[in-house]
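One structure is given here, and the rest of the page talks about it.
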Amino acid sequence: MSKKKSKILPPIKGKRLPALNDEFNKMGDFLFHEGPLLSHLINQHDEDFFIQWCGNDREFNRWLLYKTNYELLFKYFNKQLSDLDLLLKNPDGFAYIIDMDKEAKWKNIWIVSLEDIPPEYLPNGAVNYDPEDFAPYAEKLKAYIQLHFSRPIKSYKAPEATIEIVAEPPPNIYEKKKKGKG
């Protein structure tokens with residue numbers, strides 16, 4: 001009888017942290033298949049983050065956590081950025097790799113430069129937003145962000161002679177009066 005080999009998660013090149021100072025609230029899932037694969041979180045400062053499932057072993061599920069913002073999400077929803085672009089253009093310029101136990105408690109946390117993220121954890125770069133592939137929450141967030149960026153554009157007719165030039169004459173054009181003379 002042969003033993004089934006356990007998956008081994010790749011080693012992480014980064015700085016190990018005892019904890020993160022932020023508290024996160026899960027807003028909703030973007031991708032879901034037998035569990036969340038990509039979820040949207042917000043910290044106590046109302047900053048947006050994505051947490052992406054990377055893999056697992058017998059003990060942990062490993063996740064990639066990185067900051068995003070409305071501008072990046074707007075471009076992603078409008079197919080100007082890929083899933084990989086969201087990560088590589090994140091406002092912090094780094095990410096966290098987190099091991100969660102079976103109770104979803106954060107056990108191991110690393111801060112990593114984007115260059116040090118294991119290649120198998122990187123999004124493939126070919127995924128653009130398509131509402132048919134994403135969970136309903138993504139479409140709700142898209143509508144909210146598009147509302148955030150939509151501003152009514154008004155144009156007003158202005159008369160042609162509206163530009164005035166304000167300039168001082170050169171300093172030597174006037175003679176200074178001498179004190180005491182009239």
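Which of the residues spanning the stretch 92-132 are assigned to a helix (DSSP H, G or I) and free of Cβ contacts under 8 Å to residues at least 24 places away in the same chain? Steps first, please.
Here is the first cut: in the stretch 92-132, the residues assigned to a helix (DSSP H, G or I) are 114-116, 119-121.
Within the stretch 92-132, GLU115, PRO119 meet the criteria.
If the condition is being surrounded by fewer than 17 Cβ atoms within 10 Å (Cβ to Cβ) and either in a strand (DSSP E or B) or more than 18 Å from the chain's Cα centre (by Cα) (or both), then the stretch 32-55 contributes PHE32, HIS33, GLU34, GLY35, LEU37, ILE42, ASN43, GLY55. With respect to the stated conditions, PHE60 is over 20 Å from the mean Cα position of the chain (by Cα) and aromatic (Phe, Trp, Tyr). LYS15 passes every criterion in (1) farther than 13 Å from ASP99 by Cα; (2) touching a residue at least 24 places away in the same chain (Cβ under 8 Å); (3) crowded, with 16+ Cβ neighbours inside 10 Å apart from (3). Close Cβ contacts (under 8 Å, 6 or more residues apart or on different chains) running from residues in the stretch 21-33 that are within 20 Å of ASP133 (Cα to Cα) to residues that are modelled with pLDDT of 85 or more and part of a loop (DSSP other than H, G, I, E, B) comprise GLY28/ALA135; ASP29/ALA135; PHE30/PHE134; PHE30/ALA135; LEU31/PHE134; LEU31/ALA135; PHE32/ALA135.
The values are calculated or read from the model by the stated rules, or taken from the named source; none is laboratory data. Small disclaimer: the values here were computed from a predicted structure and weren't measured. Cβ coordinates were reconstructed from backbone atoms using ideal geometry, including for glycine residues, and neighbour counts include every protein chain displayed.
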